[in-house]
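Engineer: This structure is in C-alpha cells; I'll ask about it shortly.
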Amino acid sequence: MKSNARKSLFSLLVKNYLAFTLALLFIAGGVYLLWNGVYNHMFRPNNVDGLMRSAAFLTGRYQDISPAQYLGNDGAFAVLRSDGSLVYVSDPDFDVDLTAGELSCIQVYLRPEQTQVFRYQTETGDLRYLVTRTRLSNGESISQIMVLDEQYRVLSGALEEGRTSYTQREFEFLTGQYGTGYLLYRTTFVTNDVPYVLLLRLGSYDYEYYTWATRSAGRLWFLVIPLYVLATGIFIYWLNSRIRRPLDKLDNAILALGEGKPARASDCGGPREIQRLGENFDAMAVKLAESEEERRRLDESRQKIIADISHDLKTPITVISGYASAIHDDKVAPEELPRYLDVIHSKANALADLIST
C-alpha cells in the first residue's frame, strides 16, 4: 500500500515541469508588473474625471488631493471663479494670474479641436499670422480661420465672436505656445449652483524624454535572466534531492551487501519506481542469504561425507599396505603367504566395492 501511494517518476517530472513553468510565468509576470509600474510612474496617465469625482474635490477639500495621483508627475490644478479670481492652486509655481480674456483662450479639456498657427509675410514685408482651428461637432469637421497682424489685431476671420485683437499672452494661450514641458486646459464645473473654472496643467513629454524613459524601464527585463538562472538552480537542486537521496540509499545498500553486511533498501523512499527497486533488492538479498545458508549447509555435509569416506578408505588401505610391506620385507613365513595374499585380495575387493559405492 505504501508503494502504491508513492508518486511515479513520470508524475514527479511532470509536476516539477509544470511548477517550473508556472515559476517562469510568475517571474515574467512580476517583471512585467514592475516594468509597467515604473513606466506608468514615468508616464503617469491623466485621470481628470477621477479628480473631479473624488470626494475631496466634490466637497471643496482641494488641499487633500494629490495632483500626481490624478494628473501625472508634473500635473497641477487650480480652481478659479468665473471672473478669474483664485480659489485654490495645488502648485505655487503654477501661474494662474489670468485675465478673463487669457482664460477664454485656453483650450477646453477634451474638446475635439486642433489649433495651428502659420507665419508669413505679405508682398510689402508685413508679418501676418494665419490661425486655423478645426473642431469636430456631431461627426462633422468645422474649420475656422483668422488672420492677425504683427500686433495680434484681427484682420479677417474670427475664432471668437466679437474679438478684434489679442495680447501676446492671449495669443500664446490660443496657439499653445505658452511654454514647453506641459499642456494647459480648462473646464468648468458647478458646486452649490456656483460656476467654477478648473485649470489643468498636464505634463508633456518630448521625444528624447520618451526614448530615455522607455530604455530605462526596458532595462528591468534584464532581471529575467538572473531570476531564470536562480529558479532553474532551485528546481534542479530540489529535483536532484528527490531522486538522488533514494538512489544513494540504494547504492549504499548494494555496497553493504557486497561486503557481507546487513542491507535494507525498501525504505529508501523517492518515486515509486525507485522504491520498487529497493523492495526488489531486499527480496533478492533475502534469497541470497537463503542461498548462502544452503551453500554453507551443503559444504558442511560434504566435509562430513569426505571425512567418513576417508575413514572408510583408510582401514583397508592400511591393511593392504601393512601386509604388502610384510611380504616385501620377507617377514611372512611361506606357509602364511597364501593367507596374507587372501587378506590383501579381500581388502582390495572391499576397497573397490567401497569406491564403487
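Each value in this text was obtained by applying a stated rule to the coordinates, not by laboratory testing. The structure displayed is predicted, hence computed values, not measured ones. Cβ atoms come from the backbone with ideal geometry, glycine included; neighbour counts cover every protein chain shown.
Engineer: Once you have the Cα-Cα distance between Tyr17 and Ser156, take 0.36 nm times their residue separation minus that, and quote the gain in nm to one decimal.
Structural biologist: Numbers: separation 139, 0.36 × 139 = 50.04 nm, distance 7.52 nm.
Contour length minus the Cα-Cα distance gives 42.5 nm.
Engineer: On C-alpha positions alone, give me the angle between the axis of helix 207-218 and the longest principal axis of the chain, in degrees, nearest 10.
Structural biologist: Taking Cα atoms only, the helix is inclined about 20 degrees.
Engineer: Related question: Specify the residue with the greatest mean-square fluctuation among Arg339, Arg61, Arg133, computed from a Gaussian network of the chain linking alpha-carbon atoms under 10 Å apart.
Structural biologist: Top of the fluctuation ranking is Arg339.
Engineer: Given the convex hull over the Cα atoms of the chain, what projected area results after averaging over all orientations, in nm²? Please report the intermediate quantities before stating the final value.
Structural biologist: Values: hull surface 178.5 nm².
Taking the Cα atoms of the chain, their convex hull projects to 44.6 nm² on average.
Engineer: Another question, if that's okay. Please work out the FRET efficiency for the pair Thr132 and Val31, using the Cβ-Cβ distance as r and a Förster radius of 51 Å; give the result to the nearest 0.05.
Structural biologist: On the way: r = 46 Å, r/R0 = 0.91.
The formula returns an efficiency of 0.65 here.
Engineer: Another question, then. Averaging sequence separations of C-alpha pairs under 8 Å and six or more residues apart, then dividing by the length of the range 228-357, give the relative contact order as a whole percent.
Structural biologist: About 15 percent, as a whole number.
Engineer: Here's something else I'd like to know. On C-alpha positions alone, give me the angle between the axis of helix 9-42 and the longest principal axis of the chain, in degrees, nearest 10.
Structural biologist: Here the helix axis deviates by roughly 20 degrees.
Engineer: As a check on your grasp of the helix formula, calculate [θ] at 222 nm for the chain: sum -39500 (n - 2.57) over DSSP H runs of n ≥ 4, divide by the residue count, round to the nearest 500.
Structural biologist: So the calculated ellipticity at 222 nm is -18000 deg cm²/dmol.
Engineer: Just add up the charged neighbours of Ala78: K/R +1, D/E -1, any other residue whose Cβ is under 9 Å from the Cβ of Ala78. Intermediate results must be reported in sequence, preceding the final value.
Structural biologist: Working: positive: Arg201; negative: Asp91.
Value of the local net charge: 0.
Engineer: May I pose another question? Taking K and R as +1 and D and E as -1, what net charge do the other residues with C-beta under 13 Å from the C-beta of Ile236 add up to?
Structural biologist: Values: positive: Arg242, Arg244; negative: none.
My count for the surroundings of Ile236 gives +2.
Engineer: While we're looking at this one, here's another question. Tell me, what is the percent relative contact order of the chain, built from C-alpha pairs under 8 Å that lie six or more residues apart?
Structural biologist: Details: 398 pairs, mean separation 53.2, N = 357.
Relative contact order, the chain: 15 percent.
Engineer: So if we plug the beta-carbon distance of Thr122 and Ser66 into 1/(1 + (r/R0)^6) with R0 = 51 Å, what FRET efficiency do we get, rounded to 0.05?
Structural biologist: Details: r = 51 Å, r/R0 = 1.00.
E(calc), rounded to 0.05, equals 0.50.
Engineer: Please state, to two decimals, what the Cα-based radius of gyration of the range 296-357 comes to when divided by 2.2 N^0.38 Å (N = residues).
Structural biologist: Values: Rg = 15.7 Å, N = 62, 2.2 N^0.38 = 10.6 Å.
It is 1.49.
Engineer: Pull up all non-local amide H partners of Gly75: gap of 5 or more, or a different chain, and H-to-H distance under 5 Å with H placed in the peptide plane.
Structural biologist: It is Gly203, by chain and number.
Engineer: Just to confirm a number: summing +1 for Lys and Arg and -1 for Asp and Glu over residues other than Gln121 whose beta-carbon lies under 14 angstrom from that of Gln121, what do you get?
Structural biologist: Spelling it out: positives minus negatives among the neighbours equals -2.
Engineer: Given points 7 Å out from each Cα along the Cα-Cβ axis, report the Ser356 to Leu337 separation in nanometres with one decimal.
Structural biologist: 3.0 nm
Engineer: Quick one: among Thr21, Thr318, Thr132, which has the greatest mean-square fluctuation in a GNM of the chain with alpha-carbon springs under 10 angstrom?
Structural biologist: In this elastic network of the chain, the residue with the biggest mean-square fluctuation among Thr21, Thr318, Thr132 is Thr318.
Engineer: Right, next: Which order, highest average first, do 169-177, 296-304 follow once you tally other Cβ atoms within 10 Å for each residue and take the mean per peptide? Walk me through the numbers on the way to the answer.
Structural biologist: Numbers: 169-177: 18.2, 296-304: 10.0.
Put in order of decreasing packing, that is 169-177, 296-304.
Engineer: To test your reading of the geometry: what angle, between 0 and 90 degrees and rounded to tens, separates the Cα axis of helix 224-258 from the longest principal axis of the chain?
Structural biologist: The helix 224-258 is inclined about 10 degrees to the chain.
Engineer: Where in the range 97-114 does the label zone of Glu140 land, with the point 7 angstrom along Cα→C-beta and an amide N cut-off under 18 Å?
Structural biologist: Residues passing the 18 Å test: 112-114.
Engineer: A further question on this structure: I'd like the distance between the alpha-carbon centres of the range 226-294 and the range 136-179, rounded to an integer number of Å.
Structural biologist: Each part reduced to its Cα centre gives a spacing of 88 Å.
Engineer: When the chain is fully extended, how far beyond the present Cα-Cα distance does Asp330 get from Thr315, taking 0.36 nm per residue of separation? Present the calculation step by step, with values, prior to reporting the outcome.
Structural biologist: Working: separation 15, 0.36 × 15 = 5.40 nm, distance 2.29 nm.
Stretched fully, the Asp330-Thr315 segment lengthens by 3.1 nm.
Engineer: Further question on the same structure: Among the listed pairs Lys249/Lys287; Lys304/Lys331; Lys261/Lys304, which are separated by more than 27 Å between their Cα atoms?
Structural biologist: Exceeds cut-off: Lys304/Lys331; Lys261/Lys304.
Engineer: Follow-up. Springs between alpha-carbon atoms under 10 Å, Gaussian network over the chain: tell me which of Asp74, Asp64, Asp308 tops the mean-square fluctuations.
Structural biologist: The residue with the greatest mean-square fluctuation here is Asp308.
Engineer: For Asp74 and Gln168, FRET efficiency with R0 = 30 Å and r from the beta-carbon atoms, rounded to 0.05? Please report the intermediate quantities before stating the final value.
Structural biologist: Values: r = 25 Å, r/R0 = 0.82.
The formula returns an efficiency of 0.75 here.
Engineer: Given the Cα-Cα distance of Val147 and Ala348 and 0.36 nm per residue of separation, how much length would full extension add, in nm?
Structural biologist: 57.0 nm is the gain from fully extending Val147 to Ala348.
Engineer: From the phi angles alone, apply the Karplus equation (6.51, -1.76, 1.60; θ = phi - 60°) to the range 142-149 and give each ³J(HN,Hα) in whole Hz, x where the residue is Gly or Pro.
Structural biologist: Values, residue by residue: 10, 10, 10, 10, 9, 10, 10, 8 Hz.
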